[in-house]
Amino acid sequence: MRLKYLLIIGGLLLTIAVFSGCSSDTEKEENTAQASSETTNQLWTCGMHPEVILDEPGQCPKCGMDLVPLKQNTGTDKGSDKSKSKSATGERKILYWQAPMNPTEIYDRPGKSKMGMDLIPVYEDQVSSGSSIQIDPVTVQNMGVRTAHVQRIDFSRTIRTVAKVDYNEEKLYTVSSKISGWIEKLYVDYTGKPVRKGQTLLEIYSPELVTTQQEYLLALKNQKMVGESKFASVRDGAQSLLNASRQRLLYWDIPESEINRLQETGVVRKTLRLNSPASGVVIHKNAIDGMFVKEGKDLYQIADLSTVWVLASIYDNEAPWVRTGQTAKIELPYVPGKTLEGKITYIYPYLDEKARDLKIRLEFPNPGLQLKPGMYTNVLIQTPPIKDALVVPVEAVIRSGRRNLVFIAREGGRFEPREVNIGEESDDGKIRIIGGLLGDEEIVISAQFLLDSESRLQEAIQKMLAEKAGKAQKETKKETDMDKSPDKSVEDQEDHSTMEMDQDNSGNEDHDHSTMNMEKDEKPAVKKQADSEMKCGEGKCGGY
């Protein structure tokens, strides 16, 4: 009885030892598999060319430097982030609402997009498991990452540019002769001389003018003679001739006062006086005393400088800020602190082909002729503010040429790249965001290029690992199919042979019966032979 208990206890101890050995072997196999997987997933990169990523050590194909192991984020971070993104009740946290056709059109509440489509929610775990990256806080500090909050302000800017003062083309006047003749007296004899409206500029002697005056006097005398005629046609003819002669003198710019003087005195003047049409300054003079003048020849050009034009140039990206009617100021270079105020009167509809800038025209009053045509001056254009505009620092935007990105700073050292639509820039380093941000985010304003390179690097790693996983899955599936196909053929062969054996057994029952009878007949003979062999073995046979 005691021996029985000892045997039972020994068996139990042996069973426990066997199972513990199996479990330790299993743990060792799992650790070995995990270490081998980590070794297999280890990637290598070049310190000078981070876009070079290989799955084995070696040298960089571009510069020949030894590759260094690449640090990768483990999968536990994503799991923890996903668990954190859920609330205490297990619901997923919605970050914002997005238009299905335009990812940069986002809102902070559900509704309709600009195209009339229902907005779709974007959850925090979608952002965390997407293109966001996670960086160690020490690395973030070493990179010099700085952040700032998105602002909503009244957005405006002041455009500063250089301009040139020019004549007001609407107040330029040309004095020309409508008759041929000789200049007898020249009163305004130099360029730049100021003149008043109605001031006599010169006198021209014209034989044609003398003849026309005499014709007017004859028509006047004839009208007086036939004015009391009984025939109405005669009276009307004389009056028509007088009116035609008078109108001819008016066409030659002879004033009414001069014609009335001629009518009263009957004295013919041999010269025609040309007067100034406006007050201003003579800017061109083609008249010389004694010269012969043909009809239509320009003799003077007079500019009214009470107002001047200021022609300025702005860049094409500043064009959206400028409108006709906006007020502007100019600074006088020779009078520090002195400014004059004017308005934008015209924006030219084309760019300068050489300078690639846009011309605008401003009009300014010119009291005391302080602004001289040809003078350069500084122009300040204060644009009207855009109410409640969403703005970020200019340095926060990464412009790749195809799209514009900003990095959103999340909790736990995570950074999310976000595509945005940008608008105008201000002169204090701000840029307006048209779409892509809500207004309550915290964005990165420095070292975002390093974050962008890290994001691209992790994206390349994920693609490479995905390709490797896909290849491994295909190979595993191929091997599994190959392992299954021989077993199936063997089973088919076994089934086929079994069917044949069944057919043979069912068709040959008589043969089996005869075989059994033959075995019965052979048993005595076999027994006799065995007995004889035993006797020989015992030394009873005659041969030994």
Can you pull out the residues in the range 54-70 that are closer than 8 Å to Leu43 by Cα and loosely packed, with under 11 Cβ neighbours inside 10 Å?
Glu56, Pro69
Between Gly290, Gly296, which is on the phi > 0 side of the Ramachandran plot, loosely packed, with under 13 Cβ neighbours inside 10 Å, in a loop (DSSP other than H, G, I, E, B) and within 60 Å of the chain's Cα centre (by Cα)?
Gly296
Criterion violated by Lys387 - all others in (1) surrounded by fewer than 18 Cβ atoms within 10 Å (Cβ to Cβ); (2) of a type in the set (Lys, Arg); (3) under 15 Å from the mean Cα position of the chain (by Cα) satisfied
(3)
Pairs, please: C-beta under 6 Å, at least 6 apart or cross-chain, first residue in the same structural domain as Phe292 (by TED's automatic domain parsing) and farther than 16 Å from Phe292 by Cα and in the range 167-188, second modelled with pLDDT under 95 and hydroxyl-bearing (Ser, Thr, Tyr)?
Tyr187/Thr200
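Going residue by residue through the range 197-217, is there one that turns out to be part of a strand (DSSP E or B), under 60 Å from the mean Cα position of the chain (by Cα), closer than 30 Å to Tyr346 by Cα and not small (Gly, Ala, Ser)? So that I can check it myself, show each step before the final result.
Going residue by residue through the range 197-217, those that are part of a strand (DSSP E or B) are 200-205.
Keeping just the survivors that are under 60 Å from the mean Cα position of the chain (by Cα) gives none.
No, every residue in the range 197-217 fails to be part of a strand (DSSP E or B), under 60 Å from the mean Cα position of the chain (by Cα), closer than 30 Å to Tyr346 by Cα and not small (Gly, Ala, Ser).
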Within the range 340-359, tally of residues that are surrounded by 15 or more Cβ atoms within 10 Å (Cβ to Cβ), out of contact with any helix residue (DSSP H, G or I) (no Cβ under 9 Å at 6 or more places or on another chain) and among the hydrophobic types (A, V, I, L, M, F, W, C)
1
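The values are calculated or read from the model by the stated rules, or taken from the named source; none is laboratory data. This one's a predicted model, so the numbers in the text were calculated from it and none came from an experiment. All Cβ positions, even for glycine, are placed from backbone atoms using ideal geometry, and neighbour counts span all protein chains on display.
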